[in-house]
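Structure first, then comments.
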Amino acid sequence: MPQAKPLEQFRLEETDAGYLISIQAQGGEALAVEASPEQLDAIIDALDDLLSEDDELELDEED
């Protein structure tokens, strides 16, 4: 698996078929993918779940 690079740019555009997601890493490497509305919902849910877990960890550490 290639080494991960820091995110430099993220764009989301609506298209006739769904959405175009463009991600660019530091150093100019770019990736563009098309996603259906259902796929984008799944991405949003996964990010929300991950961020909710982080919030729960922060609350536990404050106790």
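Computed from the coordinates by the stated procedures, all read-outs in this text should not be read as laboratory data. Note that the structure is a prediction, hence the values are computed from the model and not measured. Glycine gets a Cβ as well: all are built from the backbone with ideal geometry, and neighbour counts include every protein chain shown.
A few notes on this one:
- More than 13 angstrom apart: percent of Cα pairs within the stretch 1-42: 57 percent
- For ALA25, net neighbour charge (Lys/Arg +1, Asp/Glu -1) across residues whose Cβ lies under 13 Å away: -1
- Placed amide H near GLY18: partners under 5 Å, 5+ positions off or other chain: none
- Computed lengthening from GLU29 to ASP45, 0.36 nm per intervening residue step minus Cα-Cα distance: 3.1 nm
- Length gained on full extension, GLU38 to SER22, computed as 0.36 nm times the residue gap minus the Cα-Cα distance: 4.0 nm.
- Between LEU12 and SER52, the modelled labels are 1.7 nm apart [label points 7 Å from Cα along Cα→Cβ].
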